[in-house]
Amino acid sequence: VYEKEARLKETMKIMGLNNGILWLSWFISSLIPILISAGLLTFILKNGNLFSYSDPGVIFLFLSLFGVVTISQCFLISTFFSRANIAAACGGIIYFILYLPYVLCEAWQNYIGFSVRIFASLLSSVAFGYGCEYVSLFEEQGIGLQWNNFFERPVEEDNFSMTISVFMMVLDSFLYGLMTWYIESVFPGQYGIPRPWYFPFMKSYWFGEKSGGQWLPSHAAGSSEICMEEDPSHLPLGVSIKNLVKVYRDGKKLAVDGLTLNFYEGQITSFLGHNGAGKTTTMSILTGLFPPTSGTAFILGKDISSELNTIRKNLGVCPQHNVLFDE
């Protein structure tokens, strides 16, 4: 969340970092301490006569799997926040609240059926609670949870099992990751360009768009030959801005007003203007830091609204703010 708040995430993506690699790095850096904690907890449970009969390998696998699904759950929760302090304060409360459904399931276990337990297990804390319950039942029987009885039920009339609990945690981890990917794409927060809600069904998202030749205008649309220098015809067009508009503060501040401009390769193009003229806003839109209110721009034939990841492979920017240290 802090990376999102400090614009570090978008800055790294502008530099060419793949979004999936960024999430993978967070997953690995979070998984390592969880695996260490799971190992220490397994040692304590085994040697502290709490799980005396159970195989430590099974217990370690069970705890590690819960750690994986917890990481996925935290990723999902992080997509709803744009401020690190608020996320830290609310994250713990949300995590605690998600344990309460298991308490209700246990209190009403004689009144709820198999389907309700499956539905409740879509919360990883409920699935983990059921798993801990079955480990305890195996311990009470003096056999413990072993590899050879992993698929068995400790209670004959119970249609739930340890296998289902583990399967639900695996499913939860996948669902949380899928929801994280979708929500972050549609609602990236203050910075970043949101995708339409139906983007998973767009062919261009998976295979890219074929750029045609229609984007290469010989003159900027709406420009006047009296006030504007004629565009060079011998240079390839690098950037084409078309009727770009950006409005801030719920429509009260117009930062960019219908800008139409061409940048050509082999030339150095600079923006001159007073504070608030829209220079930084325009550059931020071109690099994908802010979405435009209307209009668009093409960079090397790619539309910034739909092919930003491809554009960023050939794009660099030096921002005004310090991306390494807080000021």
For this session: Take PHE60 and decide whether it is without any contact (Cβ under 8 Å) to a residue 40 or more places away in the chain and either surrounded by 15 or more Cβ atoms within 10 Å (Cβ to Cβ) or not assigned by the TED database to the domain that holds PHE167 (or both).
Result: yes
Exercise. Which condition number does THR287 fail, the rest of (1) farther than 20 Å from TYR191 by Cα; (2) among the hydroxyl-bearing types (Ser, Thr, Tyr); (3) crowded, with 18+ Cβ neighbours inside 10 Å being met?
Worked result: (1)
For this session: Could you pull out the residue among VAL155, VAL170, VAL135 that is crowded, with 18+ Cβ neighbours inside 10 Å and β-branched (Val, Ile, Thr)?
Result: VAL135
Exercise. Of the residues ILE112, ILE44, ILE34, which is touching a helix residue (DSSP H, G or I) at 6+ places or on another chain (Cβ under 8 Å) and without any contact (Cβ under 8 Å) to a residue 12 or more places away in the chain?
Worked result: ILE112
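Look at PHE174 and say whether it is part of a loop (DSSP other than H, G, I, E, B) and in contact with a helix residue (DSSP H, G or I) (Cβ under 9 Å, 6 or more places away or on another chain).
No; evaluated as a whole, the condition is false for this residue.
Being hydroxyl-bearing (Ser, Thr, Tyr), modelled with pLDDT of 90 or more and over 21 Å from LEU63 (Cα atoms) is true for just one of SER136, SER165, SER115, SER124. Which residue is that? Outline the logic, then answer.
Working: SER136 fails: over 21 Å from LEU63 (Cα atoms); SER165 fails: over 21 Å from LEU63 (Cα atoms); SER124 fails: over 21 Å from LEU63 (Cα atoms).
Answer to the check: SER115.
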Seminar exercise, completed: All conditions in (1) among the aliphatic types (A, V, I, L, M); (2) touching a Phe, Trp or Tyr at 6+ places or on another chain (Cβ under 8 Å); (3) crowded, with 19+ Cβ neighbours inside 10 Å are true of LEU259 except (2)
Exercise. Do the conditions hold for GLY20, that is, is it within 16 Å of ILE71 (Cβ to Cβ) and either in contact with a Gly (Cβ under 6 Å, 6 or more places away or on another chain) or in the same structural domain as VAL170 (by the TED database) (or both)?
Worked result: yes
Problem set entry | Output for the range 292-310, where each listed residue is at pLDDT 85 or above and in contact with a Lys or Arg (Cβ under 7 Å, 6 or more places away or on another chain) | PRO292, THR293, GLY295, THR296, ALA297
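Out of the residues in the range 1-14 that are charged (D, E, K, R) and part of a helix (DSSP H, G or I), state the one that is surrounded by the most Cβ atoms within 10 Å (Cβ to Cβ). If you could, list the steps in order and put the result at the bottom.
In the first step, residues of the range 1-14 are kept if they are charged (D, E, K, R); the result is 3-5, 7, 9-10, 13.
Checking which are part of a helix (DSSP H, G or I) leaves us with 3-5, 9-10, 13.
Values: GLU3: 15, LYS4: 22, GLU5: 18, LYS9: 21, GLU10: 26, LYS13: 20.
Among those that are charged (D, E, K, R) and part of a helix (DSSP H, G or I), it is GLU10.
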Exercise. Hey, GLU140 hits all of (1) loosely packed, with under 13 Cβ neighbours inside 10 Å; (2) charged (D, E, K, R); (3) in contact (Cβ under 8 Å) with a residue 24 or more places away in the chain but one; which does it fall short on?
Worked result: (3)
Problem set entry | Selection count where residues are among the small types (Gly, Ala, Ser) and over 30 Å from the mean Cα position of the chain (by Cα), scope the range 245-280 | 6
Exercise. Identify, please: which residue in the range 63-84 is buried (at least 19 other Cβ atoms within 10 Å of the Cβ) and in contact with an Asp or Glu (Cβ under 6 Å, 6 or more places away or on another chain) and is, among those, modelled with the highest pLDDT?
Worked result: VAL69
For this session: Please identify the pairs in which a residue from the range 168-191 that is among the hydroxyl-bearing types (Ser, Thr, Tyr) has its Cβ atom under 6 Å from the Cβ atom of a residue that is not in a helix (DSSP H, G or I), counting only partners at least 6 apart or on another chain.
Result: THR180/THR79; SER185/ARG195; TYR191/ARG7; TYR191/LEU289
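Which ones in the range 92-133 are polar (S, T, N, Q) and touching an Asp or Glu at 6+ places or on another chain (Cβ under 8 Å)?
If the condition is that a residue be polar (S, T, N, Q) and touching an Asp or Glu at 6+ places or on another chain (Cβ under 8 Å), then SER121, SER124 are the ones that fit.
Filter the range 127-137 for residues that are under 29 Å from the mean Cα position of the chain (by Cα) and without any contact (Cβ under 8 Å) to a residue 40 or more places away in the chain and give the result. It would help to see each step written out before you state the result.
Taking the range 127-137 and keeping what is under 29 Å from the mean Cα position of the chain (by Cα), we get 127-131.
The answer is GLY129, TYR130.
The values are calculated or read from the model by the stated rules, or taken from the named source; none is laboratory data. A quick note: this is a predicted structure, and the numbers were derived from the prediction, not measured. Here Cβ is always computed from backbone atoms with ideal geometry, including for glycine, and neighbour counts include all displayed protein chains.
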